[in-house]
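These notes concern the structure reproduced below.
The values are calculated or read from the model by the stated rules, or taken from the named source; none is laboratory data. All values reported here derive from a predicted model rather than from experimental measurement. Backbone-built Cβ (ideal geometry, glycine too); neighbour counts: all protein chains shown. Side chains included, ligands, DNA and RNA excluded: accessible areas come from the protein's heavy atoms. Shrake-Rupley method; radii C 1.70, N 1.55, O 1.52, S 1.80 Å.
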Amino acid sequence: TEDDTNISEIVDYIEENVKSEQSSELFGVAKDKNLIFISLESLQSFVINNKVNGEEVTPFLNNLIEDSYYFENFYHQTAQGKTSDSEFLVDNSLYPLSGGAVFFTHGQNEYHAIPEILGDKGYSTSVFHANNKDFWNRDVMYTSLGYDHFFDETAFELTEQNQVGWGLKDKDFFDQSIEHLQTLPKPFYSKFITLTNHHPYVLSEEDASIEPFSSESETLNNYFVTARYTDEAIEQFFKQLKETGMYQESIIVLMGDHYGISEYENDALSLYFDKKELTEYESMQLQRVPFIIHIPGEDGKVFSDIAGQINVKPTLLHLLGIDTTDEIGFGVDLFGDKQKEFIAQRDGSFVSDEYVYVNEQCYNRESGERLDTDKGSFELSIPSSPCDPIKEKVIDELKYSDQIIYGDLFRFHTF
Ligand code: GP9
Ligand code: MN
């Protein structure tokens, strides 16, 4: 059928353009360990190793990075589906859609996601998130992705004191999760989705350990305060993982889901960064989110190559010693010898080793200098930019990913 042809064309593209022959030296270092994945609500990389009012914003994470693998040029790749898009990217190594949320529009597709793959290897799989189970259509999509269990809002005890903003405070969330986690068959893959560092970043004074920033943006001012709160919640979670003995038998992965400070706060942000104004080049650089892989007993290392959420699936599966030769996705193992040429945003923007392409402008990635011929100017020659060849590849790759989703093409494929 036509759909069959489509999937083989996509498989060929991936074989030629994405896959690498060699598996990394770290293949299997975490074989049979639990995988604890923490999705950090709205946490951007700019708070890492940074200060507000002379105080570190995320002292625990800053410390953790010292003995973890830390990817300092890791970008979120989400669109309108926000947290759910980041979940989709991580579990599938496919791109989210350019409009709407794939969790809603294609929640009943056939997938071959991390929970299904790990489930087949004997893992129990679960998500912990203290919100309504149908928010982002999670209950439906989690079944399609192969999760065994969703510890949603009903799995937690909610009181007037332990809620703020969107719901259960992160410290109470992790504290109550520990008991559930101990009941799970091992090894387990469990995803934890934090909530307190979510717009509009509210926190009561007794929970706030640092003073807000001072600018015209209440959003940015309070962002630092809730980010610190989440940092402390994670510190407490690590402590409890150690106390219960689960720490040693697990690897712990932490990732920011998407930006928390939008371009509306640019004036306040430029004040924070002590800059006159933020350019669109800088806005793209602000799309970096922390990605931290903590393997107890392993030394830390900072990775500077460009990376993104599309790469999480192959990276984690390889650490767990799972072969991905037959997977259909667009990411690579971040510890492998072959890295992606570009990290694509859903709107066709991208970052490559040399360039940042945003809003149809090409910039030198290192200097931020603009490289295009002026679009509006009168030129006899055809305007061109050094970003053009990569731009075409980005369009192709996004198209292939969309075809898989729109055509529900994994129905025609045996993994
Ligand atoms: C809601 C939480 C936040 O359950 O994941 O969603 P977001 O608005 O960030 O997508
Ligand atoms: Mn989110």
Per the filter on the stretch 230-264, residues touching a residue at least 40 places away in the same chain (Cβ under 8 Å), in a helix (DSSP H, G or I) and away from ligand 1 (no atom under 16 Å from the Cβ) are Asp231, Glu232, Ile234, Glu235, Gln236, Phe237, Phe238, Gln240, Leu241
Per the filter on the stretch 276-285, residues in a loop (DSSP other than H, G, I, E, B) and open to solvent by 30 Å² or more (accessible area, probe 1.4 Å) are Lys276, Glu277, Thr279
inquiry  = Considering only the stretch 1-17, I want to know if a residue exists there that is open to solvent by 80 Å² or more (accessible area, probe 1.4 Å), farther than 30 Å from Tyr400 by Cβ and in contact with a helix residue (DSSP H, G or I) (Cβ under 9 Å, 6 or more places away or on another chain).
reply    = no
Query raised in the report: open to solvent by 10 Å² or more (accessible area, probe 1.4 Å), within 16 Å of ligand 2 (Cβ to nearest atom) and basic (Lys, Arg) - does that describe any residue in the stretch 127-139?
Result: no
Only one of Phe104, Phe46 is surrounded by fewer than 22 Cβ atoms within 10 Å (Cβ to Cβ), more than 16 Å from ligand 1 (Cβ to nearest atom), within 21 Å of Leu195 (Cα to Cα) and not polar (S, T, N, Q), namely Phe46
Residues of the stretch 45-80 being within 16 Å of ligand 2 (Cβ to nearest atom), outside any helix (DSSP H, G or I) and not hydrophobic (A, V, I, L, M, F, W, C), in sequence order, are Tyr75, His76, Gln77, Thr78, Gln80
Looking across the stretch 81-95 at residues that are in a loop (DSSP other than H, G, I, E, B) and away from ligand 2 (no atom under 12 Å from the Cβ), the single one that is farthest from Leu145 (Cα to Cα) is Tyr95
| request: Take Tyr201 and decide whether it is hydroxyl-bearing (Ser, Thr, Tyr), crowded, with 16+ Cβ neighbours inside 10 Å, part of a helix (DSSP H, G or I) and within 16 Å of ligand 2 (Cβ to nearest atom). | output: no
When every residue in the stretch 151-179 that is part of a helix (DSSP H, G or I), acidic (Asp, Glu) and within 13 Å of ligand 1 (Cβ to nearest atom) is compared, the one surrounded by the most Cβ atoms within 10 Å (Cβ to Cβ) is Asp170
Conditions (1) open to solvent by 40 Å² or more (accessible area, probe 1.4 Å); (2) over 30 Å from Gly107 (Cα atoms); (3) not in a helix (DSSP H, G or I) -> Ser24 fails only (1)
Checked against (1) more than 24 Å from Arg370 (Cβ to Cβ); (2) touching a residue at least 12 places away in the same chain (Cβ under 8 Å); (3) surrounded by 19 or more Cβ atoms within 10 Å (Cβ to Cβ), Lys301 satisfies every condition except (3)
Reported set for the stretch 242-275 where residues are under 30 Å from Glu298 (Cα atoms), out of contact with any His (no Cβ under 6 Å at 6 or more places or on another chain), open to solvent by less than 40 Å² (accessible area, probe 1.4 Å) and within 16 Å of ligand 2 (Cβ to nearest atom) is Leu254, Met255, Gly256, Asp257
Of Arg365, Arg288, the only residue that is more than 18 Å from Gln44 (Cα to Cα) and open to solvent by 30 Å² or more (accessible area, probe 1.4 Å) is Arg365
All-but-one check, Leu317 against (1) part of a loop (DSSP other than H, G, I, E, B); (2) under 16 Å from the mean Cα position of the chain (by Cα); (3) of a type outside the set (Lys, Arg); (4) over 25 Å from Phe224 (Cα atoms), failing number (1)
Just one listed residue, out of Lys340, Lys393, Lys399, is more than 30 Å from Phe238 (Cβ to Cβ), assigned to a loop (DSSP other than H, G, I, E, B) and of a type in the set (Lys, Arg), and it is Lys340
